[in-house]
Amino acid sequence: MTASPIEFSHLTKTFGRVQAVRDLTLSVPAGAVVGLLGPNGAGKTTTIRILATLGRPTSGQVEVAGRSTTAEPDAVRRALGYVPQEIAFPNWMSGRAYLRFAAALSGVAAGERRARVESTLELVGLAEVGDRRTQTYSGGMRQRLGIAQALVHDPSLLVLDEPVAALDPIGRSEVLELISGLRGEVTVLLSSHLLDDVDRACDRVAILSEGRLLAHDSTTSIKERYGGPVFHVEVRGSAAGLAERLSGEAWVEQARAEGSALTVVVSDPDRAELELPRAIAASGLPLLVFRRELPSLEEVFLRLVSGSGKPA
Ligand SMILES: Nc1ncnc2c1ncn2[C@@H]1O[C@H](COP(=O)(O)OP(=O)(O)O)[C@@H](O)[C@H]1O
Ligand SMILES: [Mg+2]
């Protein structure tokens with residue numbers, strides 16, 4: 001049997017009096033794209049740095065493909081590619097030259113370097129612009145070069161710390177598409193405090209808060225288990241008055257209006273299916289859209305972190 005790509009066992013890390021990671025046990029299945037989610041200070045970077053052999057556990061351990069990050073750090077470094085939260089490149093170097101340099105550093109044999117560099121540039125979509133100085137790259141291009149740098153030695157595991165936090169919406173899409181495209185080829189663990197992005201790219205999520213793992217499952221199961229259904233409504237005209245009226249109802253957890261769109265998080269879905277259409281009709285506003293959906297990760301997350309989310 002091949003070992004699971006990442007196995008965290010009772011991982012704990014303290015910095016003085018701060019408990020950054022508390023008893024984290026988690027195993028990541030091969031080929032999955034897993035999001036490590038949590039607000040700032042949740043312990044994501046600490047966890048990822050230990051995984052990437054850049055920090056040591058206070059207690060517990062992490063194994064990558066069956067190798068301990070502390071006992072066999074060299075084997076772990078060969079098995080994984082790491083993209084730090086803030087990655088800087090020498091401005092004067094071209095993307096291609098930088099990647100050759102990264103390939104040499106990560107131990108790609110001299111005879112294989114050229115081919116590895118070209119196929120990796122191709123994979124991240126930078127082959128055409130490989131000869132331009134990194135200085136001229138957009139945020140998304142830089143992040144893709146960071147991913148190329150991590151993949152150039154052909155690891156089985158890719159670890160990224162907040163890969164889209166610093167990017168504009170176009171850069172985010174570029175990078176998330178690239179990461180999604182790696183599904184099945186490489187196991188991916190990425191951290192993020194941006195839940196919508198993780199929702200788009202990941203098939204599994206692990207939610208951390210104050211160093212503790214609150215939940216870990218497929219994105220869909222987590223939503224089904226921890227979030228009530230959400231109703232999306234669109235009317236012609238402003239939904240603000242409707243939202244205000246609904247907020248007082250016992251079966252409504254939260255009603256938010258944004259222009260003509262209304263989002264209603266409910267505690268009693270059966271009642272909502274009966275009462276919500278009635279309330280809309282009573283408002284006299286023409287109804288354009290009425291949809292029942294799973295909640296967004298953001299909604300699940302807010303419930304879990306505020307402690308109100310209990311498994312159904
Ligand atoms: N080197 C360090 N020294 C002291 N405290 C640290 C250090 N690194 C992280 N911490 C603390 O550990 C906690 C978790 O931080 P971090 O892992 O960076 O969280 P995240 O990446 O989720 O924002 C925070 O309270 C942070 O201040
Ligand atoms: Mg961090």
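Nothing in this text is a laboratory measurement; each read-out follows from the coordinates by a stated rule. Not measured: the values here are computed from a predicted model. Cβ atoms come from the backbone with ideal geometry, glycine included; neighbour counts cover every protein chain shown.
Could you please let me know if LEU208 is assigned to a strand (DSSP E or B), farther than 28 Å from THR12 by Cβ and out of contact with any His (no Cβ under 7 Å at 6 or more places or on another chain)? No: the conditions fail for LEU208. On the basis of being of a type outside the set (Val, Ile, Thr) and within 16 Å of ligand 1 (Cβ to nearest atom), does SER173 make the cut? In short, no.
For SER4, the criteria (1) part of a strand (DSSP E or B); (2) small (Gly, Ala, Ser); (3) in contact with a Pro (Cβ under 7 Å, 6 or more places away or on another chain) hold in every case but one, which is (1).
Being surrounded by 15 or more Cβ atoms within 10 Å (Cβ to Cβ) and out of contact with any strand residue (DSSP E or B) (no Cβ under 9 Å at 6 or more places or on another chain) is the filter here; which residues of region 276-297 pass it? Please lay out each step first, then the result.
Initially, region 276-297 is screened for residues surrounded by 15 or more Cβ atoms within 10 Å (Cβ to Cβ), giving 276, 279-280, 283, 285, 290, 294-297.
Residue satisfying the conditions is ALA279 alone.
Looking only at region 88-136, residues that are of a type outside the set (Asp, Glu), in contact (Cβ under 8 Å) with a residue 24 or more places away in the chain and farther than 26 Å from GLU185 by Cα come to 10 in all. For region 43-55, does any single residue satisfy the condition of being in a strand (DSSP E or B), in contact with a strand residue (DSSP E or B) (Cβ under 9 Å, 6 or more places away or on another chain), touching a residue at least 40 places away in the same chain (Cβ under 8 Å) and farther than 18 Å from VAL205 by Cβ? Checking region 43-55: not a single residue is in a strand (DSSP E or B), in contact with a strand residue (DSSP E or B) (Cβ under 9 Å, 6 or more places away or on another chain), touching a residue at least 40 places away in the same chain (Cβ under 8 Å) and farther than 18 Å from VAL205 by Cβ.
Being in a strand (DSSP E or B), touching a Gly at 6+ places or on another chain (Cβ under 6 Å) and within 16 Å of ligand 1 (Cβ to nearest atom) is a property that VAL159 lacks. Per the conditions (1) without any contact (Cβ under 8 Å) to a residue 12 or more places away in the chain; (2) in contact with a strand residue (DSSP E or B) (Cβ under 7 Å, 6 or more places away or on another chain); (3) among the acidic types (Asp, Glu), the sole criterion not satisfied by GLU234 is (1). Residues of region 230-251 that are assigned to a strand (DSSP E or B) and either surrounded by 14 or more Cβ atoms within 10 Å (Cβ to Cβ) or of a type in the set (D, E, K, R) (or both): VAL230, PHE231, VAL233, GLU234, VAL235.
Among the criteria (1) in contact with a strand residue (DSSP E or B) (Cβ under 7 Å, 6 or more places away or on another chain); (2) surrounded by fewer than 18 Cβ atoms within 10 Å (Cβ to Cβ), the one ALA115 does not fulfil is (1). Taken together, VAL117, VAL21 contain a single residue that is within 16 Å of ligand 2 (Cβ to nearest atom) and in contact with a helix residue (DSSP H, G or I) (Cβ under 7 Å, 6 or more places away or on another chain), which is VAL21.
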